[in-house]
Structure formats: C-alpha cells, structure tokens
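This report concerns only the one structure given below.
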Amino acid sequence: MSKRIFPQGFVWGAATSAYQIEGAWNADGKGESIWDRFAHTPGKVLNGDTGDVAADHYHRWPEDIALMRQIGLKAYRFSIAWTRILPQGRGRVNPAGLDFYERLVDGLLAAGITPYPTLFHWDLPQALEDEGGWSNRETAYAFAEYADVISRRLDDRIRDWTTHNEVTCASLLGYQLGIHAPGICDWYTALRAAHHLLLSHGLAVQVLRANCPAADVGFVIDPIPSEPASDSPEDYTAYRWFDGHHNRWFLDPIYGREYPADVVSEHIRRGHLPNGLDFLQPGDYDLISQPLDYLGLNYYRRGVLRAERDDLVNSVPPSHNPPPGYTEMGWEIYPDGLFNLLVHTWLTYRPRQIYITENGASFSDAPDENGRVRDERRIAYLHRHLQAAHRAVQAGVPLKGYFVWSFMDNFEWAMGYSQRFGLIWVDYASGRRLLKDSALWYRQVIETNAIPDAEVEQSKEC
Ligand code: FCB
C-alpha cells in the first residue's frame, strides 16, 4: 500500500478544552461556571469526579507546550474559560484571566505552534445560568461582550478563531437530556437554548470580524452521520427525525437556511414547541448565518436508528473491556462515517474550508513497568480515520487540517476520569505526563505529512 500524502501545509494538531484540563477552578479571580456547579453536585458526575484540579494545565502549561513540541504539533486547539475573563459573565473583567491566555498564546507562538482558540466549550458562567443561561436571549449578548474583551486582548496574535464547540451538545445534553451542566430536562428550554447559542455565534462572528479583520473565523459542530437500521419506512422515519433534530437543526440556519420545516412540525407534534418558534425574532436568521471561513467537524461515530427509539442502537454500555469494534465509551468504530460526513457536509452546505477539529478514541491502556503506554488500539483508530480523511481529500473536500482529541487525558464530562482519550498519559495524582505510543506515531505522521506505509496489522485493528 503506498503512502498517503496530505496536501502541503495541512494543519496537524491536537485539541483540549478549558474545563477538561485546566483545573484551578477558583484561582486568580476566576468565577464559577456551570460545570463547577454541576460537578460539585453529588450524583452528577461518575465517581464524584470534578475538574477542580484536572490535568492542572493552568499551572503546567509550559511543560505541556514542551510536550506539544516533542510531538511536533503544528497547531493546538483549546478553549478559553469565559469565567476567567468575566467572572460574572459580563461587566467586570478579570485581568489575571486575560494574562493567563496571553501567556499561553505567546508560549505557543514562541514554540512555532498555531493557537486555535475556541470561545465556548460548555463552561457557561454560573451567574448567567442563574438568569436562565442559554435559554435567556440576554446570554447571547453577554457572549458578544466576552468575545469583544478577549479578542481585543489577543487580536494581533490569533489567526483562527472559533466561536462555539458543539452547540448541539451544549443545548441538548445540557438542557434536554440533563446529563451535562446545567442538568435541565426540558425540550422547549433546550430549543430556546439552541437558538440563543446560534444567535450568540452570529453576534460573536461580527465582533471578531471587527476586532480581527485578518483572522479566519469558524464554527465547530458534531453532526452524527446517520442511517436507518433497515429499509423499513419506520426506521427511515426514526433516522429522519434524528438527523433532523441533531444535525440539520443546527447546520441549516448556520448556512442560511431556516429551521427545517419537517423538524419544526415534528417538534410541535411532540409538544416541544407549545407556541411554535416563539424565540425567533426578525433578523435572527441573518445574524446566525454570517459568512464563515471554515467549519470544524468533530467526528467519533455514526448513528444507526431504529423505529420507536430515539437513541443510537449502534452503541454498547461504556466499559474498560469493550467488545471488538467499540471504544471504551461504548461508541462503534466506523471510519467510513468520517468520509461520509466530510463529503455530505461539503456537498450540502459548501463550507469554504473544513477542519476535522476532533477525532479520537477512549482506551485506558496504562503505562507498563518501563513507563511505556502501548495504546495500539488508539493508533489503529487514528490510522483508519486518517485514511478516511485522505479519501475525502481525494474526493475534493477542502480539508485544511486534523486535530486529535485529545492532546492529553482529561476530565471526560459526565464520565469523569474514567475515560482516557489522550495522546499523553496523565497520572492525576502526581500530574506526571507520559507520551503514549500513539503520540510517537502521530509525530511520524506530522513529520512526513502522510499516513505511514505499513498497514496496521489485522490483529491490532480495533
Ligand atoms: C466531544 C467534546 C469533547 C470530548 C469528546 C470526547 O463531544 O467536544 O470535549 O468530550 O467529545
């Protein structure tokens, strides 16, 4: 099998988010976020884990940048904690928070690593949640204020800004399923939240354009490429509903369409919108669909849908001994889904450029007696997904870069520290870091700008 070479200048990176790695949850004037509150509430996160310390990146960032250099990362995608900048969500600015991200960005630039900051990766200021959080339209304007403060400070140094990470999860997991902060279970509240998240994106794009005219601005989302479990009309209906409320509901308005009519009708039929789209105001669609420089896609798995079930039938319960073909999250491994997602999204919405902003696998392989982490299943996962990405490039998708989730092991939301996605092993008790075999493998990919020649042996396939 010949080497698969990626286009020149392809951006090879890795990703993290603030709450998942930083720790220092109340240090140097930081305000409380909904994730601080949620994780501190007994019963919300597995094993009572919290992000209070996490990987302590807030204090260890110089060491982390040194590790990025060892892997040869060209780019680092991270998120900014809103509560470090504006502890109450709006109003008073916390200079120590601005200083932290300035030092981080300067450190990255000095190491030759391009920073890709994301403004929101789920850690909403609790003070705003107390006023209704994303279900309150005012939160969108507070977000624009925050975007203004941080982008004025970092304006000349950031070339690539992302507004949001996965508004789908922020709204549906947080306000409808209640398994993420703020833990609300109500469809109408979730749909209002989704609308205001989309609106806040549009407002922030305008702010970023004004403050950083030379920068690229994008949006990161996690559509789940889906299909019916069979050819039956009932399974098609289940698929259409899932694809509608999970995927099209978010991407259609971002790309200048209205909320999909079939999904609006179904939400009304199910009683989710008692007064229709009453949160939609004149001009909102124009605000939401600001032209973008790139779309970031996060891909982990496909969705298979069956009639009478709203969940994905191609998952198994999370386990440290997953059956073959699944990761420890219980997610099916399906690299073709990445190809399908890239091609379908490109053909449907015509984004100018696409990044894979997250892709990776949870496997908890631990260091052996020599301190080596032989995470062959992660290597196989990455290898096969990069093959799919490469096929998409050959098919004409304007794919600009790829970010592994995650740079290092971290706090996996409701699953706490039970799941490890990192290229780097983190010993949470001591904070010690170790490059896993996958990090060394990825270094080779980056160095050669290609997927290695040798096919992954069948026995190592995940
Ligand atoms: C994505 C999130 C990221 C991480 C991965 C596993 O949905 O953006 O923070 O939790 O899943």
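At-a-glance table
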item	result
Solvent-accessible area per residue, Å², over segment 335-408 with all protein chains present [probe radius 1.4 Å]	33 Å²
Accessible surface of Thr237 - all protein chains present, 1.4 Å probe, nearest 10 Å²	100 Å²
Calculated FRET efficiency for the pair Thr237/Ala96, C-beta based, R₀ 41 Å, to 0.05	0.20
Exposed-site-free run, longest, the chain (rule: GluC sites (Glu not before Pro); DSSP loop; at most 16 other C-beta within 10 Å)	1-130
Cα pair count fraction exceeding 26 Å, expressed as % - segment 126-271	31 percent
Net charge contributed by nearby residues that have their C-beta within less than 14 Å of Val373 (K/R +1, D/E -1)	0
Cubic angstrom per residue, convex hull over Cα atoms of segment 253-408	159 Å³
Whichever lysines have a C-alpha closer than 21 Å to that of Lys436, once near sequence neighbours (fewer than 8 apart) are set aside	Lys74, Lys460
Stretch gain in nm, segment Cys185-Arg69, where the contour uses 0.36 nm per residue and the Cα spacing is subtracted	37.5 nm
Estimated translational D of segment 107-168 in µm²/s (Stokes, Kirkwood radius over Cα pairs; 37 °C; 0.692 mPa s)	250 µm²/s
Percent accessible area from carbon and sulfur atoms, segment 177-262, protein chains only, probe 1.4 Å	53 percent
Computed lengthening from His40 to Arg352, 0.36 nm per intervening residue step minus Cα-Cα distance	108.2 nm
Hull volume in cubic angstrom per residue (convex hull over the Cα atoms of the chain)	141 Å³
Carbon plus sulfur fraction of accessible area for segment 299-425, probe 1.4 Å, in percent	49 percent
Scaled radius of gyration (Cα, divided by 2.2 N^0.38 Å) that segment 1-116 gives	1.25
Cross-link partners of Lys44 among lysines (Cα-Cα below 23 Å; sequence separation of 8 or more within a chain)	Lys30
Kyte-Doolittle mean at least 0.5 and Cα axial length at least 15 Å: DSSP H helices in the chain	336-349
Helical contribution to [θ] at 222 nm, DSSP H n ≥ 4, -39,500 (n - 2.57), averaged over the chain, rounded to 500	-11000 deg cm²/dmol
Of all accessible heavy-atom area on segment 1-150, the percent that carbon and sulfur account for (1.4 Å)	50 percent
Top positive-direction residue, dipole computed over segment 30-184 with Cβ charges, set Leu98, His40, Thr50	Leu98
Residues of segment 257-311: accessible area per residue with a 1.4 Å probe, Å²	50 Å²
For segment 338-462, Kirkwood radius (reciprocal of mean inverse C-alpha pair distance, Å)	15.7 Å
Per principal axis, descending, Cα span of segment 303-358 in whole Å	40, 28, 15
Candidate residues Asp252, Asp286: accessible-area rank, largest first, probe 1.4 Å	Asp286, Asp252
Heavy-atom SASA rank of Leu199, Leu173 (probe 1.4 Å, accessible area, largest first)	Leu173, Leu199
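The values are calculated or read from the model by the stated rules, or taken from the named source; none is laboratory data. In this text, all values refer to a predicted model and were calculated from it rather than measured experimentally. Positions of Cβ are generated from backbone atoms using ideal geometry, with glycine treated the same way; all protein chains shown enter the neighbour counts. We work out accessible area using only protein heavy atoms, side chains counted, and drop any ligands, DNA or RNA first. Shrake-Rupley method; radii C 1.70, N 1.55, O 1.52, S 1.80 Å.
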